[in-house]
Amino acid sequence: MKLIRARVKDFRSFVGEHDFDLSSGVNYFVGPNNCGKSNLIAALVLALDPDARYDSALDRPAQTAGMGAPPKTRITLTVLVGSTPVEKTLLARARAYEMAVRESRGIATTGNVQTYADEKEVRLVVTFTGAGARQVAFQAKGQGAASLTADADESQKLYEQFSKSIRLVVLHSGEDLAQVLQGRFRDILHYVIRDHLATEVGTAEAARETYIRALQEQLLGPLQKQVEGLVNGLFPEIEIAELVPDIPGLMETLSSVDVRLHDAALTQLAGKGTGVRGAVLVAMLQYLVEQSRRSLVLAVEEPEAFLHPAAQEAVMTRLESLAQRPDVTLVVTTHSPYVVSQKPEARVSSLRKDAEGRTTLADSVSGDGDLTQVLGPLFRDSGFARVIQKATAVPPGTRGVVITEGYTDGFFVQTGCKVASREQLLDGIHFIPAGKAAQVVVQAILATAASDLPVVALLDFDDNGRAARDRLKDMNWNPKRELLMLSDWPNKCKKGHDVEIEDLIPNTVVEKLIAKSGGEAAAIDGKENCDVGWHYRPNVIWKEAAIDHLGGTLKKADCSGLIWVAEAIDSRVSAIAAAKAKSATHKK
């Protein structure tokens, strides 16, 4: 069972009615601080946790379009129901409820009757009055706001089954293990343990009883007899004095569990940073997901807190795996682009607040869509979101990342390898065009921070490329490993001309592409006499023609320069990977 839609009406900063469609993957809600992300989580809690407290003074908007506070808060959740026995019972009761609503209104219940249950949907409506009273109902298709009273038999049976079918788990930002284990998480953990480890729970309970008896009979027995004899002598009417050790019950003991982590030293979880504590909690969520026999709605606030970008990406991978099950709905609030999945089944939604303090949904896209609009508000310069997206969009199976100045750098090298039948050199290599040399620095740093993969920066030998090289060298990038300058090409011009990727292509090919581009007047910005002929400076018109025609113009004998680049990339990526592996082994 999956939560597929949430409608929030007049709750905190959500003034009026707001719809949120949820996907089958991870559902991310992003935005600046105080934009209303936590209010959305709170709305889910109010709808799914019958013990959650609604405070009309705090939870109702102060006013609606200048008309004062709205009379009610309403939260509507739509779930898509699966085919487990529990869910089949839920659908049967939901259909009976919808038919009862129709009957109460004198509407036909036979013939071509359509219900939400027939579409495998159940729509829960939870309303809070101005006095704070909680009212639960369900929607019937085509019946508007009509519903049965809460004490109706169909209402009680449906809500009882709904509550059995789905459970909510919330990890709030900054919570530690002790706080989590004292909340609703504890109850669900206990349910899961009893379901999944029923035999082991019985064994543990029996061991606890044996332990208590041993304490009473063996350790406390002599003292009990002494106390019993003395008290009986003073008060004959008291015949028995029991000394009962206060041993917590099994579930209470599980709620006070401590976690200790070993690295260079043994440390309690409480002594670790917030990032490590958060990672442990995410691991506990994964246990719940894997072992639970009921559908779960998981709401996680800011899982990236205090984590290094690479660790944030690791958390993203964990979250993706949590959401893969058909009975898990995962809602995540975040400020970090590194946590956001770029898989098509994910959904990323941006929230914003207006000058009046009202939250609205600014935009919503799938994970493989253009994320720049939804991630842009996380940065002062919204264009930086596009840089982040490029740096983190690494496909599965990648063994190394190459940051280039422009698209044609990677395209030319890949085309040369294809023509020369040397594609294996670039197996697992992912090219990211930065757009210009200055952006190579930013993209390279971000790609390194976001992943443990080897990253190589490929730079032209010109003023901009040299400036980018120097900046990366200042950040300890090695010219023999992470930095690849085209001036390293052994057949470069002896006169010291700039070296760009097209200079690694023979002039005969360059000139054919000039002809296809409309001649020198249209295709080049200039040329200089060189020791090997002309040194051309092609422009964007030539490059566009090259993208269309290079593969059909190149011959195998023309590809030596481009193959040199591919071989250099391959060897450098392998060297970086080996160094990383050696470092990891040393740390162990």
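The values are calculated or read from the model by the stated rules, or taken from the named source; none is laboratory data. These numbers come from a predicted model, not from an experiment. When we count neighbours, we look across all protein chains shown, and the Cβ atoms used for this are built from the backbone with ideal geometry, even at glycine.
Quick notes on this structure:
- Residues that are assigned to a helix (DSSP H, G or I) and either in contact with a strand residue (DSSP E or B) (Cβ under 7 Å, 6 or more places away or on another chain) or touching a residue at least 40 places away in the same chain (Cβ under 8 Å) (or both), drawn from the stretch 430-452: A437, Q439, V440, V442, Q443, A444, L446, A447, T448, A449, A450
- Output for the stretch 90-111, where each listed residue is within 14 Å of Q161 (Cβ to Cβ), in contact (Cβ under 8 Å) with a residue 40 or more places away in the chain and not charged (D, E, K, R): L90, A94, A96, Y97
- Complete set of residues in the stretch 407-429 that are outside any helix (DSSP H, G or I) and surrounded by 19 or more Cβ atoms within 10 Å (Cβ to Cβ): A420, I429
- Any hit, the stretch 121-129, residues being assigned to a helix (DSSP H, G or I), assigned by TED's automatic domain parsing to the domain that holds A52 and touching a strand residue (DSSP E or B) at 6+ places or on another chain (Cβ under 6 Å): no
- Filter result (of a type in the set (V, I, T) and part of a helix (DSSP H, G or I)) within the stretch 98-107: V101
- Only one of K516, K543 that is modelled with pLDDT of 90 or more and closer than 24 Å to S421 by Cα: K543
- Residues that are assigned to a loop (DSSP other than H, G, I, E, B) and within 12 Å of C493 (Cα to Cα) occur at least once in the stretch 529-541.
- Filter result (in a helix (DSSP H, G or I) and among the β-branched types (V, I, T)) within the stretch 210-244: T210, I212, V227, V231
- Residue in the stretch 461-476 that is assigned to a strand (DSSP E or B) and within 19 Å of E502 (Cα to Cα) present: yes
- Exactly one residue out of E160, E154 is under 25 Å from P85 (Cα atoms), over 26 Å from the mean Cα position of the chain (by Cα), surrounded by fewer than 17 Cβ atoms within 10 Å (Cβ to Cβ) and modelled with pLDDT of 95 or more: that is E160.
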